[in-house]
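One structure, as structure tokens, below. Some questions next.
Rule-based calculations on the coordinates, nothing more; no lab input. Given the structure is predicted, the values throughout are model-derived calculations rather than measurements. Backbone-built Cβ (ideal geometry, glycine too); neighbour counts: all protein chains shown.
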């Protein structure tokens, strides 16, 4: 049997503690499966005294993660600190520069510095593995780096943030407002005290940037992704979606187009009969459309100590087997520049919710603004306000704006945004209209 593969683990939060627990429970099996033992020889975290539910007394402690990254006797540096810059970046660069393999769960770091770090890993001939950076316990990185490498991927999309999916599921299933659902998510530990990174769509965008690079062989470019969060989703939107046979999900979508890569994060109405519509709670789902393999859908826990630790361990075991590949599949010298698709070129149907002033000619003016941009309207429905008393229909208050929902036929993003701008400027609505894309999804995504 070969000599042990030695680990230095920086960050002993939920995932780090979960990894130590996993190694304690299954370390013996690892040696049997990969032909060499895996041993932790050093750890680093902010506090030595914090209770983590796992015994660390026998491990060498490093107050400085960079010192651990450079330490003699460490084969693999495991970075579980988080953050796109600062000590996490410094430690990973130090480890790679010292010729050590790196395993990380840090999507923000990779989304911002992934190409630079991948190039350094290639120069040193070491692994940079990051299965746990996207979708927790779902092996989507391995699928793109290995299983689907013979395919041309046309599109990758899915539910990449468990916090948002939990909030939208709670609003749908339990008839909660956005504020109430967010508060519950925070109480359960699904959302941070400051949830902006999650509900604003930025966490999803970091993950989508990594997936797009792997899928399309381009440089990572987080800043070119169009991002919308779920803060504006209301109970009226949830009700309308239900009535039309849809449910609302926060999706990350990246696709090849003739003019470049279309990458976007936004709430979307998806058919309730689709498989992705049935992904509830904090669960994640990633769909991949490839030319030879067809349509794949991977569903599982997108976060949590144990599922994420499982992905980290899988990366470590690949290194123990001697598997070292270009981190981004394509060697960095061969990565294509990221070219964003033409602005507004996305085609699709749209849901538009408006609070329209009740006065003569208002709807005609709105329809004209749509027609001016060649937007064909499938339906216009005036919806009653939500009743405060279950089973009792609400009445429109005299003089109050009417709640109107328009469903369009397929049009361009540019056209619908221009129409909404014009309608808002005309003063026919009391607030800017809500616009949500209707995603029909592929045939392989329907259950």
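What percent do you get for the relative contact order of region 5-133 when only Cα pairs under 8 Å and 6+ apart count? Let's see the in-between values first.
Numbers: 232 pairs, mean separation 30.7, N = 129.
Across region 5-133, relative contact order equals 24 percent.
Taking a label point 7 Å from the Cα of residue 175 along the Cα→Cβ vector, which residues of region 240-255 have an amide N closer than 19 Å to it?
Under cut-off, by backbone N: 240-248.
OK, next. At residue 358 and residue 380, where each label point lies 7 Å from the Cα along Cα→Cβ, what is the point-to-point distance in nanometres?
1.7
Would you mind getting me the FRET efficiency between residue 400 and residue 347? Use the beta-carbon distance for r and R0 = 25 Å, nearest 0.05. It would help to have the intermediate numbers written out before the result.
Numbers: r = 35 Å, r/R0 = 1.41.
In this case the efficiency is close to 0.10.
Also, quick follow-up: What angle do you read, to the nearest 10 degrees and between 0 and 90, between the alpha-carbon axis of helix 305-320 and the longest principal axis of the chain?
Computed tilt is about 50 degrees.
Give, in nm to one decimal, the length gained when the segment between residue 84 and residue 243 is fully stretched (0.36 nm per residue of separation minus the Cα-Cα distance). Write down the numbers at each step before the final one.
Working: separation 159, 0.36 × 159 = 57.24 nm, distance 4.17 nm.
Separation in residues times 0.36 nm, less the Cα-Cα distance, equals 53.1 nm.
I would also like to ask the following. Can you give the FRET efficiency for residue 54 and residue 192, using 1/(1 + (r/R0)^6), R0 = 30 Å, r = Cβ-Cβ distance, to the nearest 0.05? Display every interim value, and only then the final one.
On the way: r = 23 Å, r/R0 = 0.77.
Computed FRET efficiency for residue 54 and residue 192 comes out at 0.85.
Along each of the three principal axes of the Cα atoms of region 5-133, give the extent in whole Å, ordering the values from largest to smallest.
35, 35, 26
Compute the whole-percent fraction of alpha carbon pairs in the chain spaced more than 43 Å apart. If you can, show how the numbers build up before the last one.
Values: 20796 of 99681 pairs.
Across the chain, Cα pairs with separations above 43 Å total 21 percent.
Mind ordering 212-225, 77-90, 232-245 by average Cβ neighbours within 10 Å, highest first?
Details: 212-225: 22.3, 77-90: 20.1, 232-245: 17.4.
Packing proxy ranking, top to bottom: 212-225, 77-90, 232-245.
Right, another one. Using 1/(1 + (r/R0)^6) with R0 = 35 angstrom and r between the beta carbons of residue 280 and residue 3, what's the FRET efficiency to the nearest 0.05?
On the way: r = 46 Å, r/R0 = 1.32.
So the FRET efficiency works out to roughly 0.15.
Output the 0 to 90 degree angle, nearest 10, between the alpha-carbon long axis of helix 178-187 and the longest principal axis computed from the alpha carbons of the chain.
20
Also, I was wondering about something else. How do 347-355, 133-141, 367-375, 57-65 rank on mean C-beta neighbours within 10 Å, highest first?
Values: 347-355: 19.6, 133-141: 25.3, 367-375: 15.8, 57-65: 13.9.
Ranking the peptides 347-355, 133-141, 367-375, 57-65 by packing returns 133-141, 347-355, 367-375, 57-65.
If you take every DSSP beta bridge whose two residues both sit in the chain, what share of them, in percent to the nearest 5, is antiparallel?
Details: 51 of 75 bridges.
The antiparallel proportion sits near 70 percent.
Turning to a different aspect of this structure: To the nearest 10 degrees, how steep is helix 413-426 against the longest Cα principal axis of the chain, on a 0 to 90 scale?
50
While we're here: Would you please put 46-55, 164-173, 189-198 in order of how densely packed they are, using the mean number of other Cβ atoms within 10 angstrom per residue and starting with the highest?
On the way: 46-55: 10.2, 164-173: 23.2, 189-198: 15.8.
Ranked by mean Cβ neighbours within 10 Å, highest first: 164-173, 189-198, 46-55.
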